[in-house]
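The numbers here are math on the coordinates, done by the rules we state, and not lab data. Keep in mind the model is a prediction, meaning the values are calculated, not measured. Every residue, glycine as well, gets a Cβ built from its backbone with ideal geometry; the counts of neighbours run over all protein chains shown.
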Amino acid sequence: MALLKRATLMTLPLELIDHILTFLSWPNNLHPLLLVSNSLNPIAERILYRNIGELPAPRAVRLLLSLVNASAERCKLVKSLSLNFSDNRVLFALELLIYKVLRLLPRLRTLNVEVSIHENRHRALAWIFPRDAPFRLRSFATSIRCVFSHISFSLVQSEDAE
């Protein structure tokens, strides 16, 4: 009778590990996986950055700071980004940070940016959407007042996108 090799998580096919990790809550359970194992780190990082959902404002700012200083490879992981600052004041430094980060995300497909009613009444914020954006969006939503002729990044049909 042949001895069966003891199975571990890392002996499973990569696609199955990826699928298992998608059941972990984002970002609370995925972030610690970045620190647990050198083998799990790239898989957890890919899942963690793939779809960046709404975070409390301080965490969203930390995330944006990490992306603006991240490698091009990490920025390529981001496919969906949702920022909600509707309960917060958006200072110029944050506007500039959002602008810089958006210019670094070539595979971004879904973008949602919400700001407070106060911000929309008193200032034009559409400039944070870069004219030379490297992405082609499938979905775009914002509460920012915009003249769409000033927003020149591409919106594509699902069939045309990667």
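Taking the Cα centre of region 53-160 as origin and charging only Cβ (+1 Lys, Arg; -1 Asp, Glu), how large is the dipole, in debye to the nearest 20?
180
Computed over the Cα atoms, what is the radius of gyration of region 20-101 divided by 2.2 N^0.38 Å, N being its residue count?
Compactness ratio reported: 1.13.
Rg and Dmax of region 53-160 over Cα atoms: what are they, in angstrom?
Final numbers for Rg and Dmax: 13.2, 39 Å.
For every other residue with a beta carbon closer than 15 angstrom to the beta carbon of Ser143, add +1 if it is Lys or Arg and -1 if Asp or Glu, then tell me the sum.
Around Ser143, the charge tally is -1.
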